[in-house]
Amino acid sequence: MRMLGLLAVIVASISSQIVFAQEESKTLRVYNWSGYIGDGVIEEFEKETGVDVIYDTYDSSSEVEEKILRGGNKYDVVVSSLNFMAAQSKQGLFQPIDRQKIRNYDGLDPDFMSSISTLDIENTHGIPYMWGTLGIGYNETMVRGVLGSKAPIDSWDLIFKPENLKKLSACGVSFLEESTQMTSLVLNYLKKDPNSSNVSDYKKSAENYLKKLAQHVNVFDSKEFLDNLSSGKICVAVGWSGDIAKAIKDAKAENSNLKLRYVLPKEGTFRWVDMLSIPVLSENTDIAHAFIDFLTRPEIAAKNTNNNRYANPVPKSLPFVEPLLRDDRSIFPTKDVQLKLFQNSPRSILVRRAIKDVWKNVLDEYQKFHPVPFNPNFLKHNTQDSEKIWDEAADNLLQG
Ligand code: N2P
């Protein structure tokens, strides 16, 4: 009896803890977007497992993508977009996920998993972390003040028609510093395939159009638009749903009377998905799986949604999500709206290199009109070094 009792205690304590292979270090290196994890989540994982987490953050897709192309700095878990992750898994940069080690795997929404399995083929290399949309955050009073009561706030015309953009630049317009997403939106607006595999669509159509707009854009940035919008420094931001939702919340918390809104323009936009995956150079794969598993626990996924204001793929997390967020259709769009969103698909390395060139030319055009940029971090990631990485990746591919 006593032996059995002891055995029960041992079994119970083993099953509630995560046991790692002896040779693995007890350190986990994680790379994620800034401001993209719930309060206390890392500390909770550390407390539960005894693992030290080295948690680094980035502020734009190019930062993480270039780091992974360079070899990933030995990160064990990386958050990156589905389209990048899927393309680079095919190039061998990410390890397959061992589903046996993700105890909450069955809790992932099967419809959602199937909707991303055309890119991450059969869901082999990544686990979805959060998803959202790309739309327009705007300050209604300021925008109507500039464009009048007929301002086309339900349309990309609001900022993609040069005459509107020019007027709005008086109250401040921010575009994402995201080459693929912005060129894709412009192609969609020009009624071309937003996922075009035709290099000239980017080099000619998207580049020419964006160059016309660049002079009227006040700032290209992927991080500060949230604070810029909630503090009234700008009146329009092309941005991600959750960040705009945070700006709206922050403005309310500061008792500001700014009327901030988020709109998915009627010409359409895309749904993006951010994935958790394990770079090929990671040696702490048991711990990496344990961390990914931890993030897919309903309570933890809910903490992340509550902080990040993005939807997660764990339906059982919903009871733990703040009711105000659960009912917010900009965070959880209706099925009807979801059906209208397009997926941003992986580009070939040659298209990606073309996008990189296009983007450089667009930002050069912007700089001609803005010798002193609005954002002090502007161009931090747009260095010659980063050009070289994409050139090398393309050359490697061409060589075979
Ligand atoms: C961090 C969230 C960015 C999500 N601000 C974009 N995929």
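The values are calculated or read from the model by the stated rules, or taken from the named source; none is laboratory data. Values in this document were obtained by computation on a predicted structure and should not be read as measured data. Cβ atoms come from the backbone with ideal geometry, glycine included; neighbour counts cover every protein chain shown. These accessible areas exclude ligands, DNA and RNA; they are computed on the full protein's heavy atoms, side chains included. Shrake-Rupley method; radii C 1.70, N 1.55, O 1.52, S 1.80 Å.
Things worth noting here:
- Region 210-228 - residue that is more than 16 Å from the ligand (Cβ to nearest atom), surrounded by 18 or more Cβ atoms within 10 Å (Cβ to Cβ) and of a type outside the set (A, V, I, L, M, F, W, C) and, of those, farthest from D250 (Cα to Cα): H216
- Only one of the numbered conditions (1) at pLDDT below 95; (2) acidic (D, E); (3) not in a loop (DSSP other than H, G, I, E, B) is not met by E177, and that is (3).
- Residues that are buried (at least 23 other Cβ atoms within 10 Å of the Cβ) and more than 21 Å from N123 (Cα to Cα), drawn from region 246-283: A247, L260, Y262, T269
- For region 229-244, the tally of residues that are at pLDDT below 95 and near the ligand (Cβ under 10 Å from one of its atoms) stands at 0.
- Among the criteria (1) part of a loop (DSSP other than H, G, I, E, B); (2) over 21 Å from the mean Cα position of the chain (by Cα), the one P313 does not fulfil is (2).
- The lone exception for V186 - which of (1) outside any strand (DSSP E or B); (2) within 16 Å of the ligand (Cβ to nearest atom); (3) of a type in the set (V, I, T) it fails: (2)
- Residue among D109, D98, D76 that is surrounded by fewer than 18 Cβ atoms within 10 Å (Cβ to Cβ) and under 20 Å from the mean Cα position of the chain (by Cα): D109
- Some residue of region 266-273 being more than 19 Å from K340 (Cβ to Cβ), touching a Phe, Trp or Tyr at 6+ places or on another chain (Cβ under 9 Å) and modelled with pLDDT of 95 or more: no
- Residue in region 118-140 that is within 16 Å of the ligand (Cβ to nearest atom), assigned to a helix (DSSP H, G or I) and aliphatic (A, V, I, L, M) present: no
- Residue match in region 271-285 (condition: more than 15 Å from the ligand (Cβ to nearest atom), assigned to a helix (DSSP H, G or I) and outside the structural domain of D154 (by TED's automatic domain parsing)): yes
- Looking across A302, A354, one residue alone is farther than 19 Å from E65 by Cα and open to solvent by less than 30 Å² (accessible area, probe 1.4 Å). It is A302.
- Close Cβ contacts (under 8 Å, 6 or more residues apart or on different chains) running from residues in region 34-60 that are within 18 Å of D227 (Cα to Cα) and in contact (Cβ under 8 Å) with a residue 24 or more places away in the chain to residues that are away from the ligand (no atom under 14 Å from the Cβ) and assigned to a helix (DSSP H, G or I) comprise Y58/K67.
- Note on region 40-73: among residues that are small (G, A, S) and either open to solvent by less than 10 Å² (accessible area, probe 1.4 Å) or in a helix (DSSP H, G or I) (or both), the one that is nearest to the ligand (Cβ to nearest atom) is S61.
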